[in-house]
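A.B. asks: Mind looking over this structure? Questions follow.
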Amino acid sequence: MNLIKKTALITLASAALYVPVSQAAATEYHLDPQHTSVVFSWDHFGFSHPSADISDVTGKLVFDKDKPEQSSVDVTLPVKNIDTHVKKLNEEFMGKDYFDVKQYPQATFKSTSVVSKGDNKYDVQGNLTLKGITKPVVLHAVLNKQDMHPMVKKQAIGFDATTEINRSDFKLDKYVPSVGDKVTITLSTEAYAQ
């Protein structure tokens, strides 16, 4: 009888220990704004491909490498921080003809699904909201590394991702088609577990 009780207790204790481990497989990370870059570029009359960047990007991602379909991404982009590195163009971008940052200071991306494509590549489908308009986009992401960060001493994860949008979908259509409608967005980020 004692042997049966001991066996039952060991089994229950093992089960109790196992459940949190299995539930903890998905880890929540917070983006580090100092190591997150969002760069977008476009065709300029066919002559060049200028770029601009957005700083102080924040957000979180939940990642489960074994069950990527349970992963998610939620990012806020402070559009008011756009920097084209050309003062006059920055001022123009802030106005109503472009991003209208007084009314729409932020853009957001919220994932709706994550699909593994193999070899640390993922398609992150979601909704981009910009200037109050929401459209579906797909981020083509690559997992760079998931490990203990040697400097901050926290579990960390790093991704690169790209997508393309038509700016006219978001009423950012000034000078289209002379200046390209298609905009390429490139993101690189480090995020830390809390």
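The values are calculated or read from the model by the stated rules, or taken from the named source; none is laboratory data. Just so you know, these numbers come straight off a predicted model, no measurement behind them. Neighbour counts run over all protein chains shown; Cβ positions are idealised from the backbone, glycine included. What goes into the accessible areas is simple: the full protein's heavy atoms, side chains included, and nothing from ligands, DNA or RNA. Shrake-Rupley method; radii C 1.70, N 1.55, O 1.52, S 1.80 Å.
A.B. asks: Take the residues of region 37-72 that are open to solvent by 40 Å² or more (accessible area, probe 1.4 Å) and of a type in the set (S, T, N, Q): which is nearest to residue 173 (Cα to Cα)?
C.D. replies: Per the criteria, the residue is 51.
A.B. asks: Moving to a separate point now. Between a first residue in region 172-194 that is free of Cβ contacts under 8 Å to residues at least 40 places away in the same chain and a second residue that is in a strand (DSSP E or B) and open to solvent by 30 Å² or more (accessible area, probe 1.4 Å), which pairs have beta carbons less than 7 Å apart while being 6 or more apart in sequence or on different chains?
C.D. replies: 181/166
A.B. asks: Cβ contacts < 6 Å: first residue touching a residue at least 40 places away in the same chain (Cβ under 8 Å) and of a type outside the set (D, E, K, R), restricted to region 39-55; second residue assigned to a loop (DSSP other than H, G, I, E, B) and surrounded by fewer than 14 Cβ atoms within 10 Å (Cβ to Cβ), any location; separation 6+ or different chain. Result?
C.D. replies: Close Cβ pairs satisfying both conditions: 41/49; 45/178.
A.B. asks: Taking region 168-181, which residues are under 21 Å from residue 101 (Cα atoms) and in contact with an Asp or Glu (Cβ under 6 Å, 6 or more places away or on another chain)?
C.D. replies: Of everything in region 168-181, those that are under 21 Å from residue 101 (Cα atoms) and in contact with an Asp or Glu (Cβ under 6 Å, 6 or more places away or on another chain) turn out to be 168, 174.
A.B. asks: Kindly list the number of the only condition in (1) touching a residue at least 40 places away in the same chain (Cβ under 8 Å); (2) open to solvent by less than 60 Å² (accessible area, probe 1.4 Å); (3) in a strand (DSSP E or B) that fails for residue 25.
C.D. replies: Among (1) touching a residue at least 40 places away in the same chain (Cβ under 8 Å); (2) open to solvent by less than 60 Å² (accessible area, probe 1.4 Å); (3) in a strand (DSSP E or B), the lone unmet condition for residue 25 is (3).
A.B. asks: Would you list the strands (runs of 3 or more DSSP E) that sit entirely within region 59-157 and hold 2 or more residues that are over 15 Å from the mean Cα position of the chain (by Cα) and modelled with pLDDT of 95 or more?
C.D. replies: Passing ranges, in order: 106-118, 133-148.
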